[in-house]
């Protein structure tokens, strides 16, 4: 079975500051990990995914995430926040052919 | 870029009524899914569908729920007798294949409000 915990339901950063959204997972099998983003009134869009290749994964819009097995973490980062990054971010885990299990989501606000 | 489309964007219904949420998956996709998100809670898996039958379902997907692909393009979720606790955002998704090599493409969701 898999589960995901996202620390912080709301994160607020200044424009140009580092974005760090935290995700910890639990999985009984080697996990596949994902970050999705949801902009207002839109669906969930895949940002990036970890599939057991490189532990540092680069995604769209300058985001990246690092898989750390020892910490069971898959935190999402971006060096410099932009106003357009304001959205809801969801971490998700899968065991391969099992359905995606999502976290509760973290709302990112970017302050000018 | 092809999209998953969902209609309506917002549905209001009275408790006990039947609702049908509609989705048009991406045309060459073979796997279809429904997820839901109760306000302030996690996005939860409901059901997956492949080859005209349910391939997996969660414990949430009880006898009140059913899915159908009536005409080769639409994928519907029916709730027979809605309850207040069915109020949520319902997301449809589709994928070309199964597994991590085929990411899910989500629609914009239907917000269901049961009064």
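Once you order the gyration tensor axes a ≥ b ≥ c over the Cα atoms, which shape class does the stretch B:56-96 get: rounded for a/c under 1.5, otherwise prolate or oblate by comparing a/b with b/c?
Prolate shape, in that a/c is at least 1.5 and a/b is the bigger ratio.
Say each of residue B:50 and residue B:71 gets a label point 7 Å from the Cα, pointing the same way as Cα to Cβ; how far apart are those two points in nm?
Going by the 7 Å Cα→Cβ label model, 2.7 nm.
Which number comes out as Rg/Rh for the protein assembly as shown once both Rg and the Kirkwood Rh are worked out on C-alpha atoms? The partial results should precede the final answer.
Values: Rg = 17.5 Å, Rh = 18.1 Å.
We get a ratio of 0.97 for the protein assembly as shown.
Normalised radius of gyration for the stretch A:66-112, please: alpha carbon Rg relative to 2.2 N^0.38 Å, two decimal places.
Numbers: Rg = 13.3 Å, N = 47, 2.2 N^0.38 = 9.5 Å.
Normalised Rg, Cα atoms only: 1.40.
At R0 = 30 Å, how high is the FRET efficiency between residue B:60 and residue A:111 if r is their beta carbon distance? Nearest 0.05 is fine. Don't jump to the answer; show the numbers that get you there.
Working: r = 37 Å, r/R0 = 1.24.
That gives a FRET efficiency of 0.20.
Please report Rg over Rh for chain B, where both radii come from the alpha carbon positions and Rh follows the Kirkwood definition. Display every interim value, and only then the final one.
Details: Rg = 13.3 Å, Rh = 14.1 Å.
That ratio is 0.94, to two decimals.
Taking every DSSP beta bridge that has both residues in the protein assembly as shown, what percent is antiparallel when rounded to the nearest 5? Show your work: numbers first, answer last.
Working: 71 of 80 bridges.
Antiparallel bridges: around 90 percent, rounded to the nearest 5.
Counting partner chain Cβ atoms within 10 Å of every residue's Cβ in A:44-57, what's the average?
Details: counts 12, 3, 4, 0, 0, 3, 1, 3, 1, 0, 0, 0, 0, 0.
Counting other chains' Cβ atoms within 10 Å and averaging over A:44-57 gives 2.
For peptide A:102-110, how many partner chain Cβ atoms fall within 10 Å of a residue's Cβ, on average? Don't skip to the answer; put the middle values down first.
Working: counts 8, 2, 5, 5, 0, 0, 0, 0, 0.
Average per residue, whole number: 2.
Do you know the relative contact order of chain A, to the nearest whole percent, from alpha carbon pairs under 8 angstrom that are 6+ apart? Before the final figure, lay out each step's value.
Working: 285 pairs, mean separation 42.6, N = 112.
For chain A, the relative contact order is 38 percent.
Going by average Cβ neighbours within 10 Å, how do the peptides A:64-77, A:5-18 rank, with the highest at the top?
Numbers: A:64-77: 16.7, A:5-18: 13.9.
Descending packing order for the listed peptides: A:64-77, A:5-18.
Specify, per residue and in Å³, the volume enclosed by the convex hull of the alpha carbon atoms belonging to chain A.
93
Using alpha-carbon pairs under 8 Å, 6+ residues apart, how would you state the relative contact order of chain B in percent? Write out the running numbers ahead of the final one.
Numbers: 277 pairs, mean separation 43.8, N = 115.
Relative contact order here is 38 percent.
Rule-based calculations on the coordinates, nothing more; no lab input. Just so we're clear, the structure is a prediction, and the values are computed from it rather than from any experiment. Counting neighbours? That spans all protein chains shown, and the Cβs are built from the backbone with ideal geometry, glycine included.
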